[in-house]
Amino acid sequence: MSIPAELAADVIAFRRELHAHPELDLELPKTQAAVLARLAGIEGLEVSTGEGMSSVVAVLRGEAPLPEGTRRPVVLLRGDMDGLPVTEETGLPYVPDPAGTMHACGHDLHTAGLYGALVYLGQRRAELVADVIGMFQPAEETDGGALRMIEQGLLEAAGPRADAAFALHVYSAKYEHGHFVSRPGSIQAGCDDLIVTVRGRGGHGSVPHLSQDPVPVAAEMVLGLQSLVTRQFDAFDPVVATVGHLTAGTASNIIPDTATLAITLRTFSTGARARLIPAVERLVRGIADAHGMGVDVRPDCEFPVTVNNPAEVDYARGVIEGLFGAEAYEELPAPEPGSEDFSEVLLRVPGAYILLGAVPPGQDPAAAPTNHSPLAVFDDAVLPRAVEALAGLALGKGPVAL
Ligand SMILES: [Zn+2]
């Protein structure tokens, strides 16, 4: 099986059109309109849009005959649609104008690839057993678009709750062109950001005993956090804690009222994530308390660990190897440290998140600019493969016993 040349050209053209007009966060009006216009060409597709965001959900019904006592499986395929606040420096002919936003994480390829898979599945509906949910998602990078879509009924869009869910993510570096890369279990880190504010009492720098100086307390928290990570967590189930932003005060001789730490926490197992956040809260409260000060802890951003279902990874591997040969699939030895809100889908539906190498030809994957770089280039020659793989994951699913 191989997708028609005309469809491959259409998908690549769509990707370049999207690339020239990236949008950010939840509201992607131009992107949504472009997706809806393309989907309008697919006969019988059930299309709905989200409330308070530019999501699109498309349901394509399989028409292959069903044996008695069975129902159609529901397969969810994800394509995220948002760009990043990055000024592109690749020099490609379809660089966005005006500057300031960029599809620097390849979500334009995901959107175009999902569109292509729905077209292709529409052409092969007679042999498709599954009902397919196409999830066109905003705000993967920022505001938890996946969870909002779930809250608006995404998983039940075809009737019964989705039985399996798959997402591909292109990489501009690291992995060989056209290679699919995944692993059973954790594949992307959990990410939790906390804003910690130490509440002291300001005063003159020469008489600290007459005030409550939050600065040494915040400094103690920075160091305590590193001890916590290495002393309370298993080295083989690692945790990363980084204080990326630390602010307090205005001048050398003024003790400020408050000091603020912005912390990012990365975890690679659901268990470590569940233990880490209370442990950090206990630490900062304990340190503040020891110095007679108060502290506020505010969660800023939460992404669960992305956990692949082993049986669905095996299934996906079989589909990919069947389509492209055994050399097209690589098993990842350890999870990726980035985070991904497809985790919210995989918390609820067994499935697999699969990386796809899209490094431009002639570039060394180990040296090419990575996703999120202003120089990241994603070779859209991988798109026909992405379309075939996504469609293949839906076509391979048989009936579910009632
Ligand atoms: Zn991404």
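The values are calculated or read from the model by the stated rules, or taken from the named source; none is laboratory data. Small disclaimer: the values here were computed from a predicted structure and weren't measured. Neighbour counts are summed over all protein chains in view; Cβ atoms, including those assigned to glycine, are modelled from backbone coordinates with ideal geometry. Just so you know, the surface numbers come from the protein's heavy atoms only, side chains and all, with ligands and any DNA or RNA stripped out. Shrake-Rupley method; radii C 1.70, N 1.55, O 1.52, S 1.80 Å.
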- Query: So which of A99, A64 ends up being at negative phi, away from the ligand (no atom under 16 Å from the Cβ) and out of contact with any helix residue (DSSP H, G or I) (no Cβ under 9 Å at 6 or more places or on another chain)?
  - Reply: A99
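Could you check how many residues of the range 141-172 are within 13 Å of the ligand (Cβ to nearest atom), modelled with pLDDT of 95 or more and of a type outside the set (S, T, Y)? Explain how you work it out, then say what you get.
Step one: list which residues in the range 141-172 are within 13 Å of the ligand (Cβ to nearest atom), which gives 141-142, 145-146, 167-172.
Filter again for modelled with pLDDT of 95 or more, leaving 145-146, 167-172.
Narrowing further to those that are of a type outside the set (S, T, Y): 145-146, 167-170.
So the count comes out to 6.
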- Residue that is touching a residue at least 12 places away in the same chain (Cβ under 8 Å), in contact with a helix residue (DSSP H, G or I) (Cβ under 6 Å, 6 or more places away or on another chain), more than 30 Å from G396 (Cβ to Cβ) and more than 11 Å from the ligand (Cβ to nearest atom), where the choices are Y94, Y115: Y94
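Enumerate the helices (runs of 4 or more DSSP H) found wholly within the range 268-367, keeping only those where 3 or more residues are over 21 Å from G144 (Cβ atoms), modelled with pLDDT of 95 or more and acidic (D, E).
Ranges flagged: 310-324.
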- Sole residue being at pLDDT below 95 and of a type in the set (A, V, I, L, M, F, W, C), chosen from M53, M1: M1
- Evaluate the range 187-198: report whether one residue or more is away from the ligand (no atom under 16 Å from the Cβ) and either free of Cβ contacts under 8 Å to residues at least 40 places away in the same chain or not in a strand (DSSP E or B) (or both). no
- Message: Against the conditions (1) over 22 Å from the mean Cα position of the chain (by Cα); (2) within 29 Å of D131 (Cβ to Cβ), where does A58 fall short? Just the number, please.
- Response: (1)
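Which residues, counting only those in the range 240-267, are of a type in the set (A, V, I, L, M, F, W, C) and either in a helix (DSSP H, G or I) or open to solvent by 70 Å² or more (accessible area, probe 1.4 Å) (or both)?
If we filter the range 240-267 for residues that are of a type in the set (A, V, I, L, M, F, W, C), which is where we start, we get 240-241, 243, 246, 248, 251, 254-255, 259, 261-263, 265.
Those that are of a type in the set (A, V, I, L, M, F, W, C) and either in a helix (DSSP H, G or I) or open to solvent by 70 Å² or more (accessible area, probe 1.4 Å) (or both): L246, I254.
Here are some residues: G122, G134. Which one is within 30 Å of L66 (Cβ to Cβ), more than 16 Å from the ligand (Cβ to nearest atom) and under 18 Å from the mean Cα position of the chain (by Cα)? Steps first, please.
Working: G122 fails: under 18 Å from the mean Cα position of the chain (by Cα).
G134 is the lone residue from the list that is within 30 Å of L66 (Cβ to Cβ), more than 16 Å from the ligand (Cβ to nearest atom) and under 18 Å from the mean Cα position of the chain (by Cα).
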- So E331, is it open to solvent by 10 Å² or more (accessible area, probe 1.4 Å) and within 16 Å of the ligand (Cβ to nearest atom): no
- Do we find that E43 is among the acidic types (D, E) and either open to solvent by less than 20 Å² (accessible area, probe 1.4 Å) or under 15 Å from V119 (Cβ atoms) (or both) in this structure? yes
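Residue under question is A248, and the condition is that it be within 30 Å of G392 (Cα to Cα) and either at pLDDT 95 or above or small (G, A, S) (or both); does it hold? Working first, answer last.
Working: within 30 Å of G392 (Cα to Cα): no; either at pLDDT 95 or above or small (G, A, S) (or both): yes.
No, not satisfied.
Each row is one residue, and each column tells you yes or no for (1) within 16 Å of the ligand (Cβ to nearest atom); (2) within 30 Å of V74 (Cβ to Cβ); (3) of a type in the set (V, I, T); (4) touching a Gly at 6+ places or on another chain (Cβ under 7 Å).
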position	(1), (2), (3), (4)
I263	no, no, yes, no
L283	no, no, no, yes
V313	no, yes, yes, no
G325	no, yes, no, no
E344	yes, yes, no, no
